[in-house]
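I have placed the structure first, in the form of structure tokens, so that the comments after it can refer back to it.
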Amino acid sequence: MSLDSHDLIPPEPPPKAMRISGFNWARKNLFSSVFSGTLTAILTVGLLLGILAVLRFIFSPDRRWEVIPPNAANYTVGSYPRDDLGNIWWSVWVIAALAGMSTVLWGVGGRVSVVKVVAGVRAAGVTALVVGVLSLWSPAGTAVQSWLVWGGAALIVAGWVPMRLLSEDRTVATANALAALVGLGMVVLWYLHLDRTSHWHLRLIVTALVVIAFHWLGRMAKRWLPDPTFKKVVTMLWVISFPVIYMHIQRNPSVAWEEVLPWLPWAALVMAVGPVAIGLVSRLPREQAAAVNFLLGAVTIFSWVVEWPMAIRVMTLLLTLFSMAAPTFASSPQARKVFYWSWLGGSLCALYFFLLGVASTGLDTRGDFLGGFNLTILLAVGGIALSFPVGLLLALGRTSTMPIFRILSVAYIEVIRGVPLITVLFFADKVIPRFLPPWVDVIGETKALLAITAFAAAYLAENVRGGLQSVSSGQFEAARALGMTTSQMTMLVTLPQALKAVIPAMVGQAIALFKDTSLVAIIGLADFLRVARDVVPNQPDSLGSVLENLLLAAVVYWIFAFSFSRASQRLEKRLGVGTR
Amino acid sequence: MNRPSLAPPTRPPFWRNATFLKWAAQIGVLFGVVALGYVLIGEAAANMRAQGLSLDWDLLTDPPGIQLGEGIFVKPDTGMEAFYTGAVNMLRVAMSGILAATVIGAVVGIARLSSNWLASRLATAFVETVRNIPVLVQVVFWFFLSSILFPVLQEGSSGPIPGLLLVSRKGISFAWPFPQETFWQWGVFLVVGLLTARWAYRTRMRRAEEMGEETRPLTWALLIFLAWAIVGWFAHPLAGAVGWLFGLLAAQVGAIPVLVYQVMLALAALYLAWRWIHRFLESRRSPAGLAKLTDDDYFRMILAGVLGTGGAAVLLLWPGITELGANVFQALLEFCDQKFDFLRTGAPLAIGQPSVEVPGRFAQIADTGMTMTPSFFGIWMGVTLYTSSFIAEIVRGGVLSVPKGQTEAGYALGLRRGQLLRMVILPQAFRVILPPLGNQYLNLSKNTSLGIAVAFPEMVQVGQTMFNQTGDTIQVILLWMGFYLTISLLISLLINYYNRRAQLVER
């Protein structure tokens, strides 16, 4: 007798959650003992008093919340020239387009229970209604209160009615729920548009449309591109999007073409020489390949000695580095093809960013043009991205068997970790200009970014070191047995495993870095906190409204940091760290 | 014999030799780093000459011409005094902050695990709110809150608790037992009391473990300490003998020639280096014999030897260093000598109560009570609450790390809940908690540097005020680094010491 699947008893559906009466629940969770009951009583009184104090603070006639909406531009972009705000919107749309494409990869295709959605709507409604009703006792009767009361009531009805109509296991696509949410937000924005002159609500709607359009574009692209390739393309686009935004779109450089054109053909020549050199080096025997690399190195040094145009020097240096890496990474024809493409992309990017980097900004500002939350994002994202390679090198140096590298790395890491970030920022702000010739003018944003990178690299190095130490020695022995060189072993065996192990730690560190960017306010950059603390409360219309603005800053920082940490917890669960 | 002929072993050319390549790369990079430093420092020297600045330490001895918000020297006469004030202010915030953050963190961390729904939810809300807001925002917020929302100070203000607590925009003043000039003499009794209490605790504990009877070690220790404190309160002039001892020692220290100290210290340096090398070689030795030493091992031993010999040479060649040390030690002993006197009487502590004075047009808080300025309040509240949210998570993690079987076993042995917590859970949780706790203490100490944002005169704020006056940024930054690295080192040494003691001794 065979045991077929239809012979088995079908599994029973999971039991419905038992409903516990409110009274029993309270007896179990609030009044389980004399001590617990007393604690509950004390905490309830304290909580009510606290809520009352907060409400009294928020709805006091002394509070001037109305100063915040007119300063939206200050908060988001600081002193960025108001005539060029279009650049900011273009950067937002670039991000929106990439986000739209990435939604295809992130798999926003899950489903969420309707009950959960309507419960969320109802909770939001109850919160709004309670806050609104409680605020009626405060002396200031503003329009916000009626909005809170009526809006809250509407949300409760909207969240209650479907609850009665739908069964509990009805689900809805997450994408649709999100789209509905965005749509609702758009409608609210349309009616609430607080500043009728700037049409920012229209641009937000464009942003939403860009996300949706690129989502569909991504779906189409996915149909005729293999999945890993599409993933790689999107990742690369993300990587270069930030330098493009901050060096090109927002900086609006005016390139002096008459200076650039003479050396462009030479740059093209270096680019063309690249594949030849790489092909040679990866095919020739070791000694001859080393000779080619030696020749390229000599040309590079020569280019610095006779002072060729800077772009050519950088390109030659890049070519030397590529060809030195070629024997390791371009040994098979397949790998060589990838390597040619990386050379093409890498050299084009180098050329592009060099061209933009040397050009002066076309904006009508003095020195620093970034500010507000825009600057905070730049410092956080730039700091994480730039500190990654530095921290990696430091971690490899610290775990290396070569004593001088180890001593240098340990000294750097321990000194940086022993001092507060603010001293590193002051070092960058005050001492770096001293080390440079007088004609080099480094703007504040660059100095702050350098300091944050230098600081974060030391902490990242310690995280990565933890990962490196978690790779078992059997892996090294296996790599050696396969005949891998030290660099192949590091790049292909050690690092992938080490980095995967420390992703949660690195996300935690990224959140800390995001919070730490607020310190640049102390060295005088107009970041988000500085706008809230100094810029807005010192304007004649909003003089002295510092507590309101600081609370806004706290809420905004909190929303970002909290959602990042929640996302990292989900990531941790998905990676299964610590469960193996 | 037809064994396959082996090719004669040839050494690879030196440019293919791994050891040679490694060292070439290292020396090349070292050379690059040194060269870069040389170029940068040369450029900095040229720039500073052009601006009329120099890399000397005159800023420590010159009158700085600055005024500090609070501290020992409000109008310092030398830069040294200014930095001393900043360092003491920083330590005040750091130490009181560490104490408060530990208590709050422990309470919140345990509350998060409470079976009381309200308590655990409130603790969670506290942690999730506080740790996701940048600490600088919190510092600035508390500062402005206290200087905007607190009541205005007027003549006749007496605060929420008259005579004990006075809250105003000028600061929070509270009653405080201030040490008097006889405090040091009483302190001797307290130290002796602490030592005897510790001894009593240990003996009672040992007896409890051996005999299995309830010996109440904590009660005994507390009572003994209290007895010493009470006796000392009245009998403290007896401790004047300690001063006489210190005076004798100081005279002895001054009488010995510097050369003796120099030779002793140099010998100690050489001995330490020798011991390190010896132990290193021992660690490389196994029953099978001495392991093959790599070039890295040789480098380590040579470095230890060079450092030891170099240290000894420096000590012998420059007697000034040793002399300075001996002088400081002697001055310290003489300072202690002055704190004790048989004839000094009076209570060691006197309670000071907060009060208001009106020296000019505006009311001020008199310095009769202990006063927390708005700046101090801001930085203290900010760093304490921020750090306590992290400590709460550490405590929670530590308690959760104790296996559930331990709790069940404890109950099975008939322990009460309190005993279970004290004797089973906490000692094991403590082991997990300690290392990250030390990290949080380090973070708190470093975060006190944010006092600059609320004009609290700690190290960084003092330094910034100084270099705004003199332009000596490089010197100030070197001072900061020296200071914070010392603090970090001290805290990690302390934590490592306790950590070693708390770790499981594995066989």
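Excluding residues fewer than 8 places away in the same chain, name every one of the aspartates and glutamates whose C-alpha is closer than 19 Å to that of A:Lys337. Counting by Cα, and skipping residues close in sequence, A:Lys337 has these aspartates and glutamates nearby: A:Asp227.
Dipole magnitude for chain B: computed about the Cα centre from +1 point charges on Lys and Arg Cβ and -1 point charges on Asp and Glu Cβ, it is near 2380 debye.
Could you estimate the translational diffusion coefficient of the protein assembly as shown from the Stokes-Einstein equation, with Rh from the Kirkwood formula over C-alpha pairs, at 4 °C and 1.567 mPa s, in whole µm²/s?
Details: Rh = 35.1 Å.
It diffuses with D of about 37 µm²/s by this estimate.
Give me the one-decimal Kirkwood hydrodynamic radius in Å for chain A, with the sum taken over alpha-carbon pairs.
Averaging 1/r across every pair of different Cα atoms and inverting gives 28.9 Å.
Across chain A, the mean sequence separation of Cα contacts (distance under 8 Å, 6 or more residues apart), normalised by length, yields a relative contact order of 15 percent.
In this structure, the residue pairs whose Cα-Cα separation is over 24 Å, taken from A:Lys447/A:Lys515; A:Lys447/A:Lys500; A:Lys116/A:Lys500; A:Lys231/A:Lys515, are A:Lys447/A:Lys500; A:Lys116/A:Lys500; A:Lys231/A:Lys515.
Can you sort B:Trp233, A:Trp257 from fewest to most other Cβ atoms within 10 Å of each residue's own Cβ? Provide the component values of the computation, followed by the final result.
Numbers: B:Trp233 14, A:Trp257 10.
Arranged by neighbour count, lowest to highest, B:Trp233, A:Trp257 become A:Trp257, B:Trp233.
Rounded to the nearest Hz, the phi-derived 3J(HN,Hα) couplings of the stretch B:216-225 under the Karplus curve 6.51 cos²θ - 1.76 cosθ + 1.60 (θ = phi - 60°) are 6, x, 5, 4, 4, 4, 4, 5, 5, 4, where x marks glycine and proline.
Overall shape of chain B was characterised from the C-alpha gyration tensor. The equivalent ellipsoid obtained from it has semi-axes of 46, 37, 31 Å, in decreasing order. Legend: P(r) of the stretch A:256-358 from all alpha carbon pair distances, 10 Å bins from 0, whole percents, reading 16, 46, 29, 8, 1.
Which length gain, in nm to one decimal place, applies between A:Phe31 and A:Gln539 when the Cα-Cα distance is subtracted from 0.36 nm times their residue separation? Kindly include the intermediate steps, with their values, before the conclusion.
Details: separation 508, 0.36 × 508 = 182.88 nm, distance 5.25 nm.
Extra length available between A:Phe31 and A:Gln539 comes to 177.6 nm.
Taken about its Cα centre, the stretch A:256-358 carries a charge dipole of roughly 480 debye when the Cβ of each Lys and Arg holds +1 and the Cβ of each Asp and Glu holds -1.
The order of the peptides A:462-470, B:450-458, B:462-470 by mean Cβ neighbours within 10 Å, most packed first, is B:450-458, B:462-470, A:462-470. Charge tally for A:Pro420 (other residues, Cβ to Cβ under 12 Å; Lys, Arg +1; Asp, Glu -1): 0.
Residues within the reach of a label modelled at A:Leu47 (point 7 angstrom out along Cα to beta-carbon, backbone nitrogen below 16 Å), restricted to the stretch B:117-131, are B:117-129.
Dipole check for the protein assembly as shown: with +1 at the C-beta of Lys and Arg, -1 at the C-beta of Asp and Glu, and the Cα centre as origin, the magnitude is about 3800 Debye. Relative to the longest principal axis of the Cα atoms of chain B, the long axis of helix B:473-502 makes an angle of roughly 90 degrees.
Counting only lysines at least 8 places from B:Lys292 when in the same chain, those with an alpha carbon closer than 20 Å to its own are B:Lys22.
Pairs of Cα atoms under 8 Å, at least six residues apart: use those to get the relative contact order of chain B, whole percent.
Working: 613 pairs, mean separation 125.7, N = 507.
In percent, rounded to a whole number, it is 25.
The alpha-carbon of B:Lys75 sits under 25 angstrom from the alpha-carbons of these lysines, leaving out residues fewer than 8 places away in its chain: B:Lys170.
Relative to the 2.2 N^0.38 Å rule of thumb, the stretch B:186-338 has a C-alpha radius of gyration ratio of 1.66. For the segment A:505-514, counting C-beta atoms of other chains within 10 Å of every residue's C-beta and taking the mean gives 1. Taking only Cα atoms, what is the 0 to 90° angle, nearest 10, from helix B:117-131's long axis to the longest principal axis of chain B? Value to nearest ten degrees: 60. Once the Cα atoms are used to define both axes, helix B:295-317 deviates from the longest principal axis of chain B by about 60 degrees.
No lab work stands behind these numbers, since they all come straight from the coordinates. Bear in mind that the values here come from a model prediction, so they are computed numbers and not experimental data. Positions of Cβ are backbone-derived with ideal geometry, glycine not excepted, and every protein chain shown enters the neighbour counts.
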